[in-house]
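Since the structure comes first, as structure tokens, the remarks are kept for the end.
The values are calculated or read from the model by the stated rules, or taken from the named source; none is laboratory data. Quick caveat: nothing in here was measured; it's all calculated off a predicted structure. Because the Cβ atoms are built from the backbone with ideal geometry, glycine has one as well, and the counts that use them run over all protein chains shown.
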Amino acid sequence: MSSEKYINPFSEMVLKVSMQFDDAILKNDTVELRRIIEEVEPIIPHENIASQAQLYYSIGTAYGDIANITSVSDEELIKKQLYYFRKSIALMKHEELSNPKYAPYVNALKMNLYTNYGNTFDHCGRKLAAIEQYKKALKIRDDFGMALGNLGMAYKHYGMLVSDSVHSNYFHHFAYNLLNQAIKSNDPNTHQEAKNYFIRAASSYDSEYVHKFLEAPLEIHQYSYSNKEEFCYREWALKNNLFLNPLNDLPVDELCFAADVIQLPKMLANLDDKPIFHGMFNQFKQEFIYARYQYYCSQQVTEEVNFADKDTYLLNFADYPQYSIRIEILKSTFKTLYSLLDKIAFFLNSYFKLGIRERDVNFHSIWYSEKKGKYKYQNTLDHKTNFALASMYWIAKDFYEEFVDSPNPQAKRIRDIRNALEHKYVKVYWDLWDDRANGDIDDLAFYMSEAELICETFNLLKLIREVIVCLALSVGIEEGYRHEKLDPSKLILPTLLMDYQDEWKM
């Protein structure tokens with residue numbers, strides 16, 4: 001399609017408002033930024049879909065600029081950024097905006113939207129979520145300078161926290177090269193202040209380390225699998241970034257990264273301490289791996305009915321429910337994944353000695369300092385000094401708090417599905433028959449389509465993977481603090497454990 005056939009879907013009002021925001025940002029005028037936001041919000045519903053998406057993006061960005069100008073890390077400002085960016089992203093999925101005649105304008109907005117959304121995640125500690133957004137922007141245009149530089153910074157910080165030195169080297173290799181790509185980029189969207197920041201970050205590396213490793217070709221061991229079924233499974237999990245392996249967050253899909261290698265770091269322990277935390281972490285990993293495999297199996301649809309489903313006497317209804325082993329596997333996968341949140345809270349309560357009574361421990365309660373009206377905790381989680389704890393803290397906020405005037409729609413739906421699967425009566429129906437799920441046929445059932453169950457289970461897989469990786473990183477950070485405070489007169493040894501062999505997993 002020639003350039004003259006492209007159509008700008010954004011209204012004149014959007015252009016005017018964008019210029020007002022830009023002018024206020026140049027003047028560092030937070031009062032004006034807030035005034036524009038207040039003036040624009042009531043108008044948004046009257047604009048077309050593209051313009052609504054652009055305006056929500058502009059408001060989210062403006063709140064980020066207010067935070068930068070005031071140098072205040074205000075949780076309410078972060079909530080507002082996440083809320084408005086999500087509103088924009090939801091609108092960008094509208095079928096109307098997939099029209100090729102809008103492509104350059106829509107893609108330009110998407111690149112900036114994903115990058116700024118990633119920046120907000122990065123700011124609140126969710127590095128893995130930020131990396132995913134930067135990658136989305138670079139899929140649209142691989143030389144987009146702001147996404148290149150910010151991805152490089154995310155990898156630099158990630159590399160400083162992984163306990164494995166080989167993993168750390170990989171992260172710094174990609175960080176250094178991405179930062180230099182951003183610095184050399186002719187992308188006009190990469191403003192000079194950002195380039196200067198990327199230059200300082202790239203220059204902070206030791207010159208010998210740069211010469212010997214960062215600028216040298218990266219050596220990645222090549223793996224192959226003779227078993228086709230195993231290869232297909234591992235390739236799928238690798239491409240979807242579902243391995244419990246920090247290297248699976250890098251921008252390459254290498255089969256040597258297709259392994260669940262993350263583990264807790266060596267931990268300081270008294271001679272009589274039991275290895276309970278490594279035991280818990282083993283179990284979390286195994287349950288996640290099981291859920292991931294079950295999800296994968298549920299997507300391998302065959303033409304034959306499972307033999308366990310044959311000769312089962314069931315009734316059919318006009319709302320077209322689905323009954324099969326495969327659907328039950330999906331439901332079970334969802335429940336297994338969701339249950340890991342509270343189990344990880346149980347770990348954190350014990351490891352950080354929070355003192356929450358066992359029946360009160362859940363992924364929501366661990367972020368407070370007391371059981372309201374009953375008792376105070378012995379300790380509290382300090383997410384401000386531990387970015388990996390901050391990641392989990394913001395995931396919990398997503399699940400249990402309202403941002404602006406509503407909770408995160410996806411997190412709320414995940415929570416609602418879990419409650420229904422555990423405590424109610426769920427009907428999964430054929431996707432072609434949405435009109436039959438309005439309660440006319442069954443007003444007690446919690447309805448969801450197969451497509452939604454698949455989608456939300458996959459989203460939960462991604463989320464729980466992030467939580468487990470961050471759990472390991474948070475322990476590494478905390479162990480570093482504990483080493484610094486260690487009394488040299490006390491005999492405290494690192495935990496030493498033997499590996500569990502693959503041949504024992506029968």
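In the set L381, L348, L330, which member is at pLDDT 95 or above and more than 23 Å from K127 (Cα to Cα)? Steps first, please.
Values: L381 fails: more than 23 Å from K127 (Cα to Cα); L348 fails: more than 23 Å from K127 (Cα to Cα).
From the options L381, L348, L330, the qualifying one is L330.
Of these, Y84, Y105, which one is in the same structural domain as D142 (by TED's automatic domain parsing), buried (at least 19 other Cβ atoms within 10 Å of the Cβ) and part of a helix (DSSP H, G or I)?
Details: Y105 fails: buried (at least 19 other Cβ atoms within 10 Å of the Cβ).
Just one listed residue meets the conditions, Y84.
Go through the stretch 427-450 and report how many residues are among the aliphatic types (A, V, I, L, M) and crowded, with 17+ Cβ neighbours inside 10 Å. Residues meeting the conditions: 4. Any chance the stretch 430-439 includes a residue that's of a type in the set (D, E) and free of Cβ contacts under 8 Å to residues at least 12 places away in the same chain? Looking through the stretch 430-439, at least one residue is of a type in the set (D, E) and free of Cβ contacts under 8 Å to residues at least 12 places away in the same chain.
Just so you know, in the stretch 245-274 the residues that are outside any helix (DSSP H, G or I) and charged (D, E, K, R) include one that is surrounded by the fewest Cβ atoms within 10 Å (Cβ to Cβ), and it is D272.
H123 - would you say it is over 16 Å from G60 (Cβ atoms) and of a type outside the set (A, V, I, L, M, F, W, C)? Spell out how you get there, then give the answer.
Details: over 16 Å from G60 (Cβ atoms): no; of a type outside the set (A, V, I, L, M, F, W, C): yes.
No.
Somewhere in the stretch 61-73, is a residue acidic (D, E) and within 23 Å of C124 (Cα to Cα)? Yes, that holds for at least one residue.
Please go through the stretch 366-378 and pick out each residue that is part of a loop (DSSP other than H, G, I, E, B) and either within 29 Å of K127 (Cβ to Cβ) or out of contact with any Asp or Glu (no Cβ under 9 Å at 6 or more places or on another chain) (or both). Before you say what the answer is, go through the steps one by one.
To start, the set of residues in the stretch 366-378 that are part of a loop (DSSP other than H, G, I, E, B) comprises 368-369, 372-374, 377-378.
Of everything in the stretch 366-378, those that are part of a loop (DSSP other than H, G, I, E, B) and either within 29 Å of K127 (Cβ to Cβ) or out of contact with any Asp or Glu (no Cβ under 9 Å at 6 or more places or on another chain) (or both) turn out to be Y368, S369, K372, G373, Y377, Q378.
Where helices (runs of 4 or more DSSP H) fall entirely within the stretch 114-218, those with at least 2 residues that are in contact with a helix residue (DSSP H, G or I) (Cβ under 7 Å, 6 or more places away or on another chain) and not hydrophobic (A, V, I, L, M, F, W, C) are at 127-140, 145-161, 165-184. Taking the numbered list (1) without any contact (Cβ under 8 Å) to a residue 24 or more places away in the chain; (2) closer than 18 Å to C124 by Cβ in turn, F363 passes all entries but (1).
In the set F346, F277, F317, F334, only one residue is in a loop (DSSP other than H, G, I, E, B), among the aromatic types (F, W, Y) and either surrounded by 15 or more Cβ atoms within 10 Å (Cβ to Cβ) or touching a residue at least 60 places away in the same chain (Cβ under 8 Å) (or both); that residue is F317.
Exactly one residue out of Q299, Q286 is surrounded by fewer than 15 Cβ atoms within 10 Å (Cβ to Cβ) and farther than 27 Å from L348 by Cα: that is Q299. The lone criterion from (1) in a loop (DSSP other than H, G, I, E, B); (2) assigned by TED's automatic domain parsing to the domain that holds A472; (3) not polar (S, T, N, Q) left unmet by A291 is number (1). Pairing residues of the stretch 119-146 that are without any contact (Cβ under 8 Å) to a residue 40 or more places away in the chain with residues that are charged (D, E, K, R), at Cβ distances under 6 Å and at least 6 apart in sequence or on separate chains, gives A130/D122; I140/K110.
Just one residue in the set Q222, Q192 is of a type outside the set (D, E, K, R), surrounded by fewer than 16 Cβ atoms within 10 Å (Cβ to Cβ) and without any contact (Cβ under 8 Å) to a residue 24 or more places away in the chain; that residue is Q192.
For the stretch 285-304, does any single residue satisfy the condition of being of a type in the set (A, V, I, L, M), in contact (Cβ under 8 Å) with a residue 60 or more places away in the chain and out of contact with any Cys (no Cβ under 6 Å at 6 or more places or on another chain)? Yes; the residues of the stretch 285-304 include at least one that is of a type in the set (A, V, I, L, M), in contact (Cβ under 8 Å) with a residue 60 or more places away in the chain and out of contact with any Cys (no Cβ under 6 Å at 6 or more places or on another chain).
Restricting the search to the stretch 139-164, which residues are out of contact with any His (no Cβ under 8 Å at 6 or more places or on another chain) and either closer than 17 Å to I477 by Cβ or among the aromatic types (F, W, Y) (or both)?
First, pick out the residues of the stretch 139-164 that are out of contact with any His (no Cβ under 8 Å at 6 or more places or on another chain): 139-154, 157-158, 160-164.
Matches in the stretch 139-164: F144, A154, H157, Y158, M160, L161, V162, S163, D164.
Considering the conditions (1) without any contact (Cβ under 8 Å) to a residue 60 or more places away in the chain; (2) more than 17 Å from T115 (Cβ to Cβ), D187 is excluded by exactly one of them, (2). If you go through the stretch 396-414 and pick out every residue that is out of contact with any helix residue (DSSP H, G or I) (no Cβ under 6 Å at 6 or more places or on another chain) and assigned to a helix (DSSP H, G or I), you end up with 6. Residues in the stretch 415-434 that are touching a strand residue (DSSP E or B) at 6+ places or on another chain (Cβ under 7 Å) and outside any helix (DSSP H, G or I): K424, Y425, V426, K427, V428, Y429. Only a single item in (1) modelled with pLDDT of 95 or more; (2) under 21 Å from P188 (Cα atoms); (3) of a type in the set (K, R) is not met by K16, and it is number (1).
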